[in-house]
Amino acid sequence: MFKYASAIAALATAAAVSSAPVSADVFKDKTITMIVNYGAGGNVDTEARIFQRHLPKHIAGRPVVIIQNMPGAAGLTAINQLGLGIGFKEPSLTVGFVTFNAIAPVIDDPALKVKVDAFKMIAGVGQWYAAYARKDILPGQKRPADIAKAKGVFAAGYARSSNHDIRLRLMFELMGTDYKVVTGFQSVGAINKAIEQGEINFMLSTLPGYESQAVPNLIEPGIAIPMWQLGAAGEGGKLLGSPDLAKRGVAYFEDVYKEAHGKAPTGAKYDALMMSNDSSSKLARTVMMPPGASAEAVKELRAAFSSLLKDSDFVAEYVKIIKMEPILFSGEDAEKSLAKAINNVPAAVKAVLKEAAGVN
């Protein structure tokens with residue numbers, strides 16, 4: 001059974017996963033290609049390489065695992081090629097470690113060319129998100145809530161219909177901020193360089209990128225300040241997020257909004273933001289195999305990912321680099337979380353998401 005850190009246990013249902021290996025013949029003397037849907041050195045690539053280093057010893061036959069970066073279309077290029085069988089020969093020797101935009105199937109994003117339920121889900125990886133901004137984003141700013149009065153906020157985006165860009169727009173529109181999302185960036189490294197040079201003044205990042213790049217390069221030198229963190233939905237309406245960020249005084253978006261406007265955020269735009277946050281936090285990374293992967297290969301890789309949480313070397317390296325304990329979901333739980341995110345979305349929320357994504 002998967003083990004979760006106590007502060008974040010409510011993110012997943014506890015699903016039993018068999019760790020008994022299948023025939024070593026499936027992967028013996030083979031090479032598994034792990035496709036990453038963003039460029040080398042970015043958040044998802046950094047995380048994927050930790051898995052790459054530790055995964056082989058948990059797979060019967062101890063195959064070699066290599067990384068293939070396939071950026072483009074805010075991550076959808078790799079997902080489309082994985083689903084359509086383009087660019088690889090053996091489905092059973094191919095696995096995607098991807099940032100998946102769960103909003104894409106909800107809004108019928110034309111850039112998504114495949115059906116989500118065609119993939120074989122291997123695991124899900126949870127994450128937290130933090131927003132930060134240049135210290136001079138608003139002259140005289142004393143608190144994050146002052147951004148509601150800011151003029152000329154330029155936020156860094158990846159693609160108009162990406163979950164990242166959608167959440168930026170929804171946050172600013174709820175806040176009442178005068179903003180523009182400058183889209184098309186290929187990596188968080190390029191974004192942080194643009195922030196340092198004053199070309200961009202706001203960014204939303206996963207915790208690894210925030211801790212490993214934003215904190216040492218922008219926040220500690222006094223160039224940028226933390227703004228807020230985004231929470232996932234917990235039981236009874238409780239927000240779930242990073243305990244470490246909370247200890248450092250990084251409040252939830254909802255708390256900053258309430259400080260700015262004197263009331264809690266409500267309405268279809270906020271519901272859309274919460275849905276986007278929830279799906280991104282609980283399935284920040286999706287590990288999946290293409291439709292043609294064999295049942296035996298799927299079973300073996302599911303077992304391998306489940307056993308990683310018992311690997312003290314993997315956990316130690318993950319915590320050292322990512323700055324949080326790993327949150328892993330079984331393939332079965334990943335399927336359930338994805339289905340929950342994309343099915344039965346209220347019409348009003350879907351309309352807000354489509355408008356934010358620029359999809360008619």
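The angle between the Cα long axis of helix 347-357 and the longest principal axis of the Cα atoms of the chain comes to about 80 degrees, rounded to the nearest 10.
Approximating the spin labels as points 7 Å out from Cα along Cα→Cβ, the L239-to-N360 distance works out to 3.7 nm.
Take the alpha carbon gyration tensor of segment 129-279, find the square roots of its eigenvalues, order them as a ≥ b ≥ c, and report rounded if a/c is under 1.5; if not, report prolate when a/b exceeds b/c, else oblate. Cα axes put segment 129-279 in the rounded bin. Between the Cα long axis of helix 295-307 and the first principal axis of the chain there is an angle of about 60°, rounded to the nearest 10. Take each peptide in 59-69, 292-302, count the other Cβ atoms within 10 Å of every residue, and average; sorted highest first, the result is 292-302, 59-69.
The slack between K113 and S294, meaning 0.36 nm per residue of separation minus the straight C-alpha distance, is 62.9 nm. Pairs from the table (K180/K350; K115/K340; K28/K299; K269/K354; K238/K263; K89/K282) lying more than 19 angstrom apart at Cα are K180/K350; K89/K282. Sequentially through segment 147-154, phi angles give Karplus couplings (6.51, -1.76, 1.60; θ = phi - 60°) of 5, 4, 9, 6, 10, x, 7, 10 Hz, Gly and Pro residues having no value and appearing as x. In this calculation the C-beta distance from A268 to V64 is compared with R0 = 56 Å, giving a FRET efficiency of 0.70. Extending 7 Å from Cα along the Cβ direction at K258 and again at K151 yields two label points whose distance is 3.1 nm.
Please report the net charge: other residues with Cβ closer than 12 Å to the Cβ of P291, K and R +1, D and E -1. Result for the local shell: +1. Measuring between their Cα centroids, segment 246-324 and segment 156-175 lie 18 Å from each other.
Bear in mind that the values in this text are calculations on the coordinates, not laboratory data. Predicted, not measured: the structure shown is a model, and the values here were computed from it. Glycine gets a Cβ as well: all are built from the backbone with ideal geometry, and neighbour counts include every protein chain shown.
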